[in-house]
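Engineer: First the structure, which I've put down as structure tokens, then a few questions once you've had a look.
Read the figures in this text as sums done on the coordinates, not as results from a lab. Computed from a prediction, not measured in an experiment: that's the story for all the values here. No Cβ is skipped: glycine too gets one built from the backbone with ideal geometry, and neighbour counts run over all protein chains shown.
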Amino acid sequence: MPTLVSHPDEVKVVSRRFGQGAADIDKYVELDGYKAVQEAIAKGPEWIINEMKASGLRGRGGAGFPTGMKWSFVPKQSEKPKYVLVNGDESEPGTCKDHVLFLHDPHSVIEGTMIAGLAIGSKLGFIYLRGEYRYLLKIVEKAVADAYAKGFLGKNIFGTGVDFDVITQTGAGAYEVGEESALMESLEGKRGVPRIKPPFPAVVGLYGGPTVINNAETIANAPHILLMGGEAYAKLGSERNGGTRLFGISGHVERPGVYELPMGYSLRKAIYDVAGGIKDGKKLKAIVPGGSSCPVMLPEEIDVGLDFDQMGKAGTMLGSGGIVVLDETVSIVEFALRTIAFYQHESCGWCIPCREGTDWIKKTLTRVYNGGGNKKDVDNVQYLAENMLGRTFCPLGDAAAMPTIAFVKKFRKEFEDYIAGNKAGTPIITVEQLVGAH
Amino acid sequence: MSEIANTIFSPELAARFDKLVTIYPLRRSALVPMLLYAQDEVGYVSDAVIAEIAERIGLLELDVRNVLSYYSMLRTKPAGKYNVQVCTNISCMLRGGYEILDHCKHKLGIGHKETTSDGVFSLEEVECIGACCWAPAIQINYDFHDDLTPEKVDVLFQMYRDGQGKDVK
């Protein structure tokens, strides 16, 4: 069972009910639950979207798209029904924040789904959880059933004449389904391969209807924003990055865990204060700041604020908020190889640059790691990765290419040393181990 | 009474499937959950499972096979009663995931995607399971176990052998 952690620098908004038994509907209601949605019904879509825009909330799945703007893109009039789709297919390596959210506050996700539905004029929302999260799906299913029993979901909710339904859905194991268009394919009972865009989901989405797709944490923020007001929420964060965010800090730190920190909080403080510094007094070697697809950072680069813009300026991404910390013992060649092995395994095969690129990078790095690399391999890896960038339907190709390029650029000498026969770091896996399962 | 005569599923699951195909705007949306829930009951996605699900939704068996081959949790061969899934992705790797995997292999005497001769355990190396902050972590069927050491794994295996393990479905 995930342990809850806490630190004085945390600002608890989306996590404020964690550890208080709020999976129980009565407890949730006692803690201001289902108030925001009733206010939303009374005040209407325009008010909701204005508050969401004022909040500066940006997508917590990783792309950082402004949520209020996304909701406003959905056409008011539509012949086809509109849908809300909540992405709980959390699969980005290093990311486990939605895990804690579903466990401790499932009703906030349901209430957020309802609010999004009201904002865009939809009567049906889907909450999609990855297949591995079965015990969390049970928790969400119970929460949905309890909400129906109270008359918060279904026909004539809260006696207001408004109808809204929620359907929960399980995946069955696929990283790619976390991409929004692949998620819609999966929910339509198909292989989870991406769709070409445009048209964007806001216009042609699930079952061909206009669809808003948001990450579970993004959606769970909506009730809090309406309760405290968009402007107050925005002020918690940094410029153009409203509010707070769940950061999952993992790897070689003393106190790994999911912490809610204001947007713009110092990465250095997050590692050294909040997470207690590097495990066993070792030295920091590298940071993968927002899930495995984000370009790696060096120890001298960590004086940066954790928000979408500052991390972008620093040449990396805020991503999914999963900060993975590597100490001095890690072999970057091995880590890069493990990372690309993941993407090679998860590439759905739809687009050739991604399918072939991930495979060739893995093959080449395997050779380098195994001591049989040749001098051109480092350049070849970079060349392959650069040729994947921007050439695929969905961002999986980019997600594989970007970290690879950064590993090679920032730790080039380590790769060259491997080829020359000098292995830096303390390798954990053998090539046989790696190739055995992938 | 199930909508399908001679259903291969338990009455409870058949009733659940009868309803499941009706709740979505399109019946086909029930496909992925049905495959997984059927696997939970039958142990794997057998030919009979594929045939019945295809009939329930109104698809060709080929369509069902096409979808099922995409999802990594779905299997077309039996596994052990308890499927031990060891995460070795980056966060787990940094905190001993490979050590846990090696220990499981040694302890159970089986490799990746193999099953013990008594049919109790099977073993699988899996990608990130979303327990990064509590690494290293494994799942036994749907139950998460985190912050593991080889010693804790031994205790877990004994618990499951003794029938004391939690079997979330």
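Engineer: What percent antiparallel are the DSSP beta bridges of chain B, to the nearest 5?
Structural biologist: Restricted to chain B, the bridges split so that about 55 percent are antiparallel.
Engineer: With n ≥ 4 as the cut-off for DSSP H runs, can you work out [θ] at 222 nm for the protein assembly as shown, using -39500 (n - 2.57) per run divided by the number of residues, rounded to the nearest 500?
Structural biologist: Counting only the DSSP helices, I get -12500 deg cm²/dmol.
Engineer: Looking at the protein assembly as shown, send over the antiparallel percent of its DSSP beta bridges, to the nearest 5.
Structural biologist: The answer is about 45 percent antiparallel.
Engineer: Taking amide H positions as placed in the peptide plane 1.01 Å from N, state which residues far from B:Y82 in sequence (5 or more) or on other chains have amide H under 5 Å from it.
Structural biologist: HN-HN under 5 Å from B:Y82: B:F121, B:S122.
Engineer: Compare the peptides A:228-238, B:10-20, A:355-365 by average per-residue count of other Cβ atoms within 10 angstrom and give them in order, highest first.
Structural biologist: Peptide ranking by packing, descending: A:355-365, A:228-238, B:10-20.
Engineer: Exactly which GluC sites (Glu not before Pro) in the range A:381-434 are in a DSSP loop and have at most 15 other Cβ atoms within 10 Å?
Structural biologist: none
Engineer: Another one. Given a Förster distance of 45 Å, report the FRET efficiency between B:D167 and A:A420 from their Cβ-Cβ distance, rounded to the nearest 0.05.
Structural biologist: Calculated value: 0.30.
Engineer: A further question on this structure: Could you tell me how far the Cα centroid of the range A:153-205 sits from the Cα centroid of the range A:268-321, in Å?
Structural biologist: 32
Engineer: Could I get the Rg over Rh figure for chain A? Both from C-alpha atoms, Rh via Kirkwood, rounded to two places.
Structural biologist: Reported Rg/Rh, Kirkwood definition of Rh: 0.98.
Engineer: Need one word for the range B:11-68: rounded, prolate or oblate. Basis is the Cα gyration tensor (sqrt eigenvalues a ≥ b ≥ c); a/c below 1.5 gives rounded, then a/b vs b/c decides.
Structural biologist: Judged from the Cα gyration tensor, the range B:11-68 comes out oblate (a/c at least 1.5, b/c at or above a/b).
Engineer: What's the exposure ranking of A:W47, B:W134, going from fewest to most Cβ atoms within 10 Å?
Structural biologist: Ordered by Cβ neighbours within 10 Å, fewest first: A:W47, B:W134.
Engineer: In nm, what is the difference between 0.36 nm times the number of residues separating A:E30 and A:L389 and their Cα-Cα distance?
Structural biologist: 124.4 nm
Engineer: Rounded to the nearest 5, what % of DSSP beta bridges with both residues in the range B:82-161 are antiparallel?
Structural biologist: The antiparallel fraction comes to roughly 55 percent.
Engineer: A further question follows. Say each of A:D280 and B:I23 gets a label point 7 Å from the Cα, pointing the same way as Cα to Cβ; how far apart are those two points in nm?
Structural biologist: Each label point lies 7 Å from its Cα, and together they span 4.7 nm.
Engineer: Summarise the partner chain shielding of A:134-141 as one whole number: the mean count of Cβ atoms from other chains within 10 Å of each residue's Cβ.
Structural biologist: Mean shielding by partner chains, rounded to a whole number: 3.
Engineer: For peptide B:68-79, compute the average count of partner chain beta-carbon atoms within 10 Å of each residue's beta-carbon.
Structural biologist: Per-residue shielding by partner chains comes out at 4.
Engineer: Along the Cα-to-C-beta direction of A:K375, a point sits 7 Å from the Cα; which residues of the range A:391-432 have their amide N less than 18 Å from that point?
Structural biologist: A:412-422
Engineer: Show me the three semi-axes of the equivalent ellipsoid for chain B, from the C-alpha gyration tensor (sqrt of 5 times each eigenvalue), largest first, rounded to whole Å.
Structural biologist: 33, 17, 14
Engineer: Roughly how compact is the range A:332-437, stated as its Cα Rg over 2.2 N^0.38 Å to two decimals?
Structural biologist: 0.99
Engineer: If you don't mind, another one. Residues of A:244-251, mean number of Cβ from any other protein chain within 10 Å of their own Cβ, rounded to a whole number?
Structural biologist: Mean shielding count: 4.
Engineer: Let me ask something else about it. Residue-wise, which Karplus ³J(HN,Hα) couplings in Hz belong to the range A:273-287, taking 6.51 cos²θ - 1.76 cosθ + 1.60, θ = phi - 60°, and x for glycine or proline?
Structural biologist: 8, 5, 8, x, x, 6, 4, 6, x, 7, 8, 6, 10, 6, 9
Engineer: Hey, what did chain B get for relative contact order, percent, Cα under 8 Å, at least 6 apart?
Structural biologist: 17
Engineer: Another question, if that's okay. Mind listing the Cα extents of the range A:244-327 along all three principal axes, in Å, largest one first?
Structural biologist: 32, 23, 20
Engineer: Take the Cα radius of gyration of the range B:82-161 and divide it by 2.2 N^0.38 Å, with N its residue count; two decimals is plenty.
Structural biologist: Normalised by 2.2 N^0.38 Å, the Cα Rg of the range B:82-161 equals 0.96.
Engineer: Between A:K150 and A:R412, take the C-beta separation as r, use R0 = 60 Å, and let me know the FRET efficiency to the nearest 0.05.
Structural biologist: After rounding to 0.05, the efficiency reads 0.50.
Engineer: Filter the trypsin sites (Lys or Arg not before Pro) in the range A:87-139 to those in DSSP coil with at most 16 other Cβ atoms within 10 Å of their Cβ, and list the result.
Structural biologist: A:K123
Engineer: Within chain A, which whole H helices from DSSP have a Cα span along their axis of at least 18 Å and a mean Kyte-Doolittle hydropathy of 0.0 or more, if any?
Structural biologist: A:106-120, A:134-149, A:216-228, A:332-346, A:396-410
Engineer: For the range B:84-90, what does the Karplus curve 6.51 cos²θ - 1.76 cosθ + 1.60, with θ = phi - 60°, yield as ³J(HN,Hα) per residue in whole Hz, taken in order and with x for Gly and Pro?
Structural biologist: Taking θ as phi minus 60°, the curve returns 8, 10, 9, 7, 10, 6, 3 Hz for the range B:84-90.
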